[in-house]
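Inspection log for the structure reproduced underneath, given as structure tokens.
The values are calculated or read from the model by the stated rules, or taken from the named source; none is laboratory data. Being a predicted model, the structure only gives us computed values, none of them experimental. Cβ sites come from the backbone with ideal geometry, for glycine too, and all protein chains shown count toward neighbours.
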Amino acid sequence: MELNGVEIEDTFAEAFPIKIARVLITAASERWVNVAATEATGFGTSVIMCPAEGGIEKFVTGDETPDGRPGAYIQICTFGYKSLEEQLLERIGQCVLTAPTTAVFNGLPDAEKQFDTGFKLKFFADGMESETEVAGRKAYKIPMMEGDFIVEHSIGAVGGVAGGNFFILGDSQMSALTAAEVAVDAIKKIEGSITPFPGGIVASGSKVGANKYKFLKATANEKFCPSIKKEVEGTEIPDDVEAVYEIVINGLNTDVVRDAMQTGIKAAVTIPGIKKITAGNFGGSLGPYKFNLRDLL
């Protein structure tokens with residue numbers, strides 16, 4: 001199968017369950033929304049080594065926030081609800097509460113799972129906190145040097161999907177990177193999804209375990225490394241490919257991940273020099289979700 005002259009391999013992306021909390025951060029300006037959201041989702045590329053995966057889902061205007069100020073929805077993802085609650089408390093407390101003019105609201109107010117993160121953060125006020133209401137939402141005022149920090153009582157979470165992916169194979173590093181960039185920009189329009197790696201792009205796609213260094217949980221996927229394609233038996237790199245980038249997608253449900261993958265692939269194949277689109281899987285041993293590329297398209 002080809003799309004815009006680009007080969008779409010008959011394979012599937014393998015994804016796995018993850019717990020996802022969704023947080024709305026607002027601030028006095030877009031600058032401070034971006035700063036707080038970026039800090040709160042830092043060191044959040046992969047649960048291979050990071051304590052959580054995280055990303056900015058979307059930016060919104062004051063018309064879409066409880067306090068009428070610009071905002072951003074972020075997602076924090078971990079394997080269990082216990083670790084997710086810990087990450088929420090730490091990341092909001094250390095990265096958002098500390099940022100100028102910010103406030104925090106529940107991004108999943110209707111979710112069955114709710115953490116009392118705001119209630120716990122109020123103790124930073126050392127007895128000087130007070131209860132308030134913002135657009136009908138129960139919240140707390142925490143007095144600080146700049147004024148009051150507002151945080152909603154609860155933050156909601158759901159069982160989501162992590163690891164949806166596709167690989168972009170290009171005839172040069174720049175063609176592959178440009179395609180990855182336009183793919184990530186397109187995916188940003190899919191509500192409920194994030195691309196947790198730096199700038200949404202994975203330069204270091206990995207395999208589970210190791211061939212040589214058995215003490216490692218994950219190592220370079222040598223079959224997709226163009227610089228050694230002549231040295232690797234069973235390489236997946238065609239002769240005319242010089243660079244590969246992977247796009248990894250997390251989402252609130254399978255429909256979101258499917259839409260994001262489809263949107264990203266359609267954007268990537270518009271860039272000249274893209275030779276092939278494929279995906280990463282481990283034969284079904286990693287997770288229960290399988291997204292067949294040809295079915296998507």
Scan the range 1-15 for residues that are under 15 Å from LYS207 (Cα atoms) and either among the hydrophobic types (A, V, I, L, M, F, W, C) or over 24 Å from the mean Cα position of the chain (by Cα) (or both) and jot them down. ALA13, ALA15
Here are ILE92, ILE155, ILE190: which of them is under 30 Å from GLU236 (Cβ atoms) and among the aliphatic types (A, V, I, L, M)? ILE190
For the range 243-260: of the residues being touching a helix residue (DSSP H, G or I) at 6+ places or on another chain (Cβ under 6 Å) and closer than 17 Å to GLU181 by Cα, which is surrounded by the fewest Cβ atoms within 10 Å (Cβ to Cβ)? ALA243
The condition of being under 19 Å from the mean Cα position of the chain (by Cα) and surrounded by fewer than 18 Cβ atoms within 10 Å (Cβ to Cβ) holds, among SER204, SER193, only for SER204
Here are the criteria: (1) touching a Phe, Trp or Tyr at 6+ places or on another chain (Cβ under 6 Å); (2) closer than 28 Å to LYS207 by Cα; (3) in contact (Cβ under 8 Å) with a residue 24 or more places away in the chain. Tell me which single one LYS58 does not satisfy. (2)
Check the range 249-266 and report whether any residue there is at pLDDT 95 or above and more than 19 Å from GLY164 (Cα to Cα). no
Filter the range 129-164 for residues that are in a strand (DSSP E or B) and of a type in the set (A, V, I, L, M) and give the result. VAL134, ALA139, ILE142, MET144, ILE150, VAL151, ILE155, ALA157, VAL158, VAL161, ALA162
